[in-house]
Structure formats: C-alpha cells, structure tokens
Amino acid sequence: LLEKLGSGGMGDVFKARNTRLPRLEAIKTIQTDSVENDGMTTLGLERFQREADLLAQLQHPNLTTIFHAGLDRDVRFIAIEYVRGRNLNEVVDEHSSHGRQMAVGTAVDYAMTVAEVLAHAHTHGVIHRDVKPANIMVNADGHLKVLDLGIAQLRSSKAAHGRETVQLTQGAVS
C-alpha cells in the first residue's frame with residue numbers, strides 16, 4: 001500500500017502497487033472486525049461482495065475495472081483500476097478558483113460520457129444511485145471514469161417490470 005486515498009462508512013481506499021504486475025491499483029477495503037462490532041457482519045460483507053460481483057459483470061471503458069476481490073488478514077478487499085487524475089469536483093473547483101467556467105463543449109462531453117456509462121449499467125439492470133462529481137475521475141487526457149458502485153442497486157427480473165429492487169452495497173467509500 002502506498003497511500004490512503006479516502007475513507008467511508010465501512011472501509012478505506014488505498015493506492016497500491018501490484019507486486020506481481022507492473023501497475024498501480026486502488027484497493028477498497030472493509031474491516032471485518034469493525035463490521036462485526038456494528039452488528040452488520042453478514043449484511044455488510046454480502047453487500048461488499050455484491051459490489052465486487054457487479055463490477056466484474058459491468059465492463060465499459062469509462063467505468064473502473066475490477067482486478068480481484070479477496071480476504072487478507074481479516075480484511076476484505078476489492079482491487080480495482082487506479083485512475084490517475086482528479087475528480088470532477090476538483091476540476092470544476094479549479095476552474096472556479098481562476099474565475100473561469102468549463103467550456104460548454106467539455107461539460108457536454110462529460111455529461112454524455114456519464115450518461116453512456118449509466119445507460120450501459122441500466123441495460124444490465126444496475127442503478128448507480130450515487131452519481132456525483134466526487135465519483136467521476138478525469139485523467140490528464142480529459143477522459144472520464146465513473147467510480148464507486150457502493151450503493152448501487154441491481155434490479156431483479158421483477159424490477160424490470162417495476163415491482164422489486166435489490167440493494168447491493170451500502171456505505172460508499174470515496
């Protein structure tokens with residue numbers, strides 16, 4: 001692990017170097033002992049695993065890629081693509097701090113890209129539920145990656161007809 005990137009209700013996210021492959025990864029963790037102390041052992045771990053399963057099923061060039069999920073020293077983790085760059089909040093704040101606005105064409109491109117990711121997820125029965133600038137990374141080339149399916153919902157076959165929804169995970173880690 002190289003550095004802590006953030007924390008959330010159920011765990012932390014770290015920047016890490018893969019020791020077997022020459023790449024950086026983001027490691028999303030959930031502490032099993034803290035989940036047990038909160039009386040959410042089964043529910044919290046099931047939701048965390050479902051997030052990993054969901055990431056494995058959804059493949060889109062503007063959605064982070066999962067590499068691995070597992071358990072190491074009582075810590076459940078999901079290893080995902082590390083996205084170099086800044087979140088959209090930071091990009092917008094930088095423009096504002098310099099008295100500028102983001103170019104309309106850029107803003108439209110970003111909105112269209114996020115809409116494409118959400119449409120892709122929806123065709124697979126997934127509702128993101130936490131789309132916000134902090135969960136959208138912009139790399140140095142201006143390309144976007146949508147992050148954090150931590151509170152996404154998976155529509156069951158009944159939900160496709162508006163009758164049922166199954167929650168996947170809670171406590172997004174940003």
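The values are calculated or read from the model by the stated rules, or taken from the named source; none is laboratory data. As the structure is a computational prediction, the values presented were derived from the model and not from experiment. Because the Cβ atoms are built from the backbone with ideal geometry, glycine has one as well, and the counts that use them run over all protein chains shown. Side chains are part of the model used for accessible areas, which takes the heavy atoms of the whole protein and leaves out ligands, DNA and RNA. Shrake-Rupley method; radii C 1.70, N 1.55, O 1.52, S 1.80 Å.
Which whole-angstrom value gives the distance between the alpha carbon centres of segment 110-144 and segment 76-106?
That distance is 13 Å.
Give me the dipole magnitude in Debye, nearest 20, for segment 1-145 about the Cα centre, with unit charges on the beta carbon: positive for Lys and Arg, negative for Asp and Glu. Mind dumping the intermediate values first?
On the way: 16 positive and 19 negative charges, 61 e Å.
Dipole magnitude for segment 1-145 comes out near 300 debye.
Using Cα pairs closer than 8 Å and at least 6 residues apart in sequence, work out the relative contact order for segment 57-119, in percent.
On the way: 35 pairs, mean separation 17.3, N = 63.
Computed value for segment 57-119: 27 percent relative contact order.
What do you reckon, how do 15, 4, 28 stack up by accessible area (1.4 Å probe), largest on top? Could the numbers behind the result be given before it?
On the way: 15 35, 4 110, 28 15 Å².
If we order 15, 4, 28 from most to least accessible, we get 4, 15, 28.
Which value, in Å² rounded to 10, gives the accessible area of residue 3 with a 1.4 Å probe and all protein chains present?
90
Grab the beta carbon distance between residue 17 and residue 74, set R0 = 25 Å, and tell me the FRET efficiency rounded to 0.05. Write out the running numbers ahead of the final one.
Details: r = 22 Å, r/R0 = 0.88.
It comes out at approximately 0.70.
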